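Comments concern the structure below.
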Amino acid sequence: MQGSVEIATEREGKACWVFEICRNGESISTLTLSWADYDWWSPDGRHTPSQVAHAVVKVWQCARSPDGGENGIPAKFDASTIRRRVADADRLISEQLEVTL
């Protein structure tokens, strides 16, 4: 693995949050998380938006590159994309969120 992925910045967009994803201090991606997806993955609001975004990125990494390598994180993507690209994404994200508590 070439370094851990982290949420570097968080800002509010139009009906979403926008996150800058970094690896080794360098920006590698911009992730948007709609309020609806946040509510789906954290219905009781006990996770911060950045925790949900981080869980999405972690699941994407594991599914796209089991060895944790560069993994093809797109330069820009919406969190909902994971449902079309990763089988059982909702369950995996929920499991990842439980690890953060």
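Yes/no matrix, rows are residues, columns are (1) among the polar types (S, T, N, Q); (2) modelled with pLDDT under 95; (3) over 10 Å from the mean Cα position of the chain (by Cα); (4) on the phi > 0 side of the Ramachandran plot:
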residue	(1), (2), (3), (4)
ILE7	no, yes, no, no
TRP17	no, no, yes, no
GLU26	no, yes, yes, no
LEU33	no, no, no, no
LYS58	no, yes, no, no
GLY68	no, yes, yes, yes
GLY72	no, yes, yes, yes
ASP78	no, no, no, no
ARG84	no, yes, yes, no
Margin query: Just to be sure I understand the filter: pairs with C-beta atoms under 6 Å, separated by 6 or more residues or on different chains, first member in the stretch 75-101 and over 16 Å from LEU31 (Cα atoms) and of a type in the set (Val, Ile, Thr), second member part of a helix (DSSP H, G or I) and modelled with pLDDT of 95 or more. Which pairs pass?
Written below: THR100/GLN51
Checklist line | Odd one out for THR48 among (1) modelled with pLDDT of 90 or more; (2) touching an Asp or Glu at 6+ places or on another chain (Cβ under 8 Å) | finding: (2)
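The values are calculated or read from the model by the stated rules, or taken from the named source; none is laboratory data. Just so it is clear, the structure is predicted and the values come from calculations on it, not from any experiment. So basically every Cβ, Gly included, is an ideal-geometry build from the backbone, and we count neighbours across all protein chains shown.
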